[in-house]
Amino acid sequence: MNSVCIMGGGLSGLMTGALLAKEGMRVTVLEKNAILGGGLQSFRRGDYHFDTGMHCFGGMGEDGQIRLICRYLGIEDRVETVPRCDTLMDTGSGLRLTLPFGPRAWVYRWSRAIGALLGKELEPGVRKQLKHYLETMYNLTCQEPLYHLRPTDDNYRMPDLTLSAKELIDSSIELPLLRSIMPYLSLFYAGREDSPAMLHSLISCSHINGTYTFKHGSLSFANLLADVIRQAGGEVHTSEEVTAVDIDGRQVVCVRTAKDTYTADAYISALPVTRLLELTPRSAFSPAFRNRISSAPLSYSAFSVFVGLQPRALCFNREAYYCANLASDPWNAASVAADKWPSLVFALPDEDLDNPGFAKTLTLICPMEYSAVERWADSTTGHRPDDYYRWKEQMIEKALKMIEPIGFEVPLQLAVAYADAGSPLTIRDYYGNSRGAMYGLHPSTRNPLQAHLSPNTRVGNLFLTGQDVNFHGLVGTSLTSVLTAESLVGQNVIVNKINARK
Ligand SMILES: Cc1cc2nc3c(=O)[nH]c(=O)nc-3n(C[C@H](O)[C@H](O)[C@H](O)COP(=O)(O)OP(=O)(O)OC[C@H]3O[C@@H](n4cnc5c(N)ncnc54)[C@H](O)[C@@H]3O)c2cc1C
């Protein structure tokens, strides 16, 4: 196969495209939006710059997966990141805990942090539990060779997705405070009671190895990947929405957009899988497959608040804040009663380069179910009714109230110079995610295979990539892109080359 047409110019489309371009394929990427990147999109409001769907991620430490993939792509030196440390705040009790950054002496440093909070040294038994919990998580990640960029062999077995994150935490840790703290990263996998411990472990271990943000915004990463494709002679088109995929028997014949028709040797869908099914003839996939996808649970959605700050209103210490009410159920963060919403707000400040040491913007992400906006489901971007905007204002106020304990230099009302928000409808309409699902399909311990797809399809020259296929987020989606690219160029071909550059 020499040429490949990729539908969707989000993280997975660009990453898979860059990997295949590097392997000598002629790549064409078609993205519906005017701005490239999907979850990597950024936008500007006046002087303020915001990322929309990529805030904190792992994989950038020494030998981190993203660092190694970028080295292989030849862009490692151009990816600039800022390390972050996590600060957890309990809005109920006022407790504030800054968690240790990095994997070294994790148990010791956690024990010290929790001990300081409780005003006494942690008992050896509790430290033992922490150690066991950490080891269990690492052992679970070892079931997924791709996560460690290890070659797979024909004996590959699906990892255990039947143990839930809640069961893992409850069976490892007794101290109630620790039990309520451990799921604090659940926002990064839209955690519910049936979320697999494996997913929790992949995300937690990535963060334990070090959390980062893009120094120049997430769009800069999308542009770097697009550069790799273009430099290899490929094309990346924006404002080019795929409207149909023509399939004859078991072969894609062409992909149509409103403006053009594209043909290639192979085709990759980097779209939400629900969207691909809408674009293909019914006969292309079996009724069983369509039914499996249409009945699969979706991850919850989010309400994002974009805040521009007055100069010197908030100190910038490279912290990422998790403002949670620890007394509320962490596995129901999105579906709390309306008067209790939000029970969790992730708040990420970015530095003001004109006032070093102070923040310029704050982006807040709050778990939210799509049902909160369902009454406006028929509206489209820029054409929503007035009551939607009034509701949005109220939600912005509620989210801001939750972050007050972060500690502003002036009263919060004076600190905020600009505030706007995106709702689950925004996620639905910009990325094409069904019901605004943050991370696409929701993997559940109840039916682990339902949301675990293969990059290969029964249509011979059509492949799948993206967060629905395997894992989501910067690390998960990039690794899925490796998997998809190897479906075209050969098992372990890319993994081996990545490892050769270690
Ligand atoms: C609010 C929010 C916050 C997040 N925060 C983080 C975070 O901090 N860290 C992290 O690791 N992950 C985060 N994520 C998840 C991350 O954004 C996704 O896992 C990742 O972007 C998935 O990549 P993808 O390529 O599968 O999908 P996307 O990046 O969404 O790409 C899909 C692309 O397909 C395009 N498309 C759709 N339909 C068509 C069509 N018909 N024709 C052409 N193009 C089409 C879309 O416009 C989009 O560009 C967040 C997600 C959300 C929603």
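The values are calculated or read from the model by the stated rules, or taken from the named source; none is laboratory data. Bear in mind the structure is a predicted one, so any value in this text is a computation, not a measurement. FYI the Cβ positions are ideal-geometry reconstructions off the backbone, even for glycines, and counts take in every protein chain you see.
For this structure, a couple of remarks:
- Consider the stretch 220-272 and keep the residues that are hydrophobic (A, V, I, L, M, F, W, C) and more than 21 Å from Q467 (Cβ to Cβ). The one that is farthest from the ligand (Cβ to nearest atom) is A232.
- Boolean, G37 is of a type in the set (G, A, S), touching a residue at least 60 places away in the same chain (Cβ under 8 Å) and out of contact with any helix residue (DSSP H, G or I) (no Cβ under 8 Å at 6 or more places or on another chain): no
For every residue, the table says whether it meets (1) assigned to a helix (DSSP H, G or I); (2) of a type outside the set (G, A, S); (3) within 12 Å of the ligand (Cβ to nearest atom).
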{"position": "S12", "(1), (2), (3)": "yes, no, yes"}
{"position": "A18", "(1), (2), (3)": "yes, no, no"}
{"position": "A21", "(1), (2), (3)": "yes, no, no"}
{"position": "V29", "(1), (2), (3)": "no, yes, yes"}
{"position": "K32", "(1), (2), (3)": "no, yes, yes"}
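- Any helices (runs of 4 or more DSSP H) falling wholly within the stretch 384-502 and containing at least 2 residues that are closer than 29 Å to S343 by Cα: 386-403, 412-415, 424-431, 473-489
- Matching residues in the stretch 102-143 - criterion: being more than 23 Å from the chain's Cα centre (by Cα), outside any helix (DSSP H, G or I) and surrounded by 14 or more Cβ atoms within 10 Å (Cβ to Cβ): L122
- Residue in the stretch 284-292 that is over 30 Å from G407 (Cβ atoms), outside any helix (DSSP H, G or I) and touching a strand residue (DSSP E or B) at 6+ places or on another chain (Cβ under 6 Å) present: no
- Among the candidates D63, D77, D86, residue that is touching a strand residue (DSSP E or B) at 6+ places or on another chain (Cβ under 9 Å) and either surrounded by 17 or more Cβ atoms within 10 Å (Cβ to Cβ) or not in a strand (DSSP E or B) (or both): D86
- Conditions (1) among the polar types (S, T, N, Q); (2) out of contact with any Asp or Glu (no Cβ under 9 Å at 6 or more places or on another chain); (3) away from the ligand (no atom under 15 Å from the Cβ); number of the one not met by T52: (3)
- The stretch 297-312, residues that are in a loop (DSSP other than H, G, I, E, B) and surrounded by 22 or more Cβ atoms within 10 Å (Cβ to Cβ): S299, Y300
- Tally of residues being among the aliphatic types (A, V, I, L, M), out of contact with any Asp or Glu (no Cβ under 7 Å at 6 or more places or on another chain) and closer than 17 Å to E404 by Cα across the stretch 330-361: 4
- Here is the figure for the stretch 403-455: residues that are of a type outside the set (G, A, S) and either within 16 Å of the ligand (Cβ to nearest atom) or not assigned by TED's automatic domain parsing to the domain that holds N317 (or both) total 25.
- Of the strands (runs of 3 or more DSSP E) lying entirely inside the stretch 147-253, those containing at least 2 residues that are surrounded by fewer than 20 Cβ atoms within 10 Å (Cβ to Cβ) span 235-237, 242-248.
- Members of the stretch 5-37 found to be more than 23 Å from T261 (Cβ to Cβ) and surrounded by fewer than 24 Cβ atoms within 10 Å (Cβ to Cβ), listed by number: K22, E23, G24, I35
- G53 vs. criteria of a type in the set (G, A, S), at pLDDT 95 or above, within 30 Å of R150 (Cα to Cα) and in a loop (DSSP other than H, G, I, E, B): yes
- Answer from S164, S111, S93 - the residue that is touching a Lys or Arg at 6+ places or on another chain (Cβ under 7 Å) and outside the structural domain of I403 (by TED's automatic domain parsing): S111
- Near pairs, Cβ below 8 angstrom, 6+ apart or cross-chain, from the stretch 261-283 (within 17 Å of P455 (Cβ to Cβ)) to any residue that is of a type in the set (F, W, Y) and in a strand (DSSP E or B): A266/F463; Y267/F463; I268/F463; S269/F463
- Candidates are the residues of the stretch 467-479 that are out of contact with any Gly (no Cβ under 7 Å at 6 or more places or on another chain) and near the ligand (Cβ under 10 Å from one of its atoms); the one that is farthest from Q65 (Cα to Cα) is V469.
- Matching residues in the stretch 354-373 - criterion: being farther than 13 Å from R318 by Cα and not acidic (D, E): N355, T363, L364, I365, C366, P367, M368, Y370, S371, A372, V373
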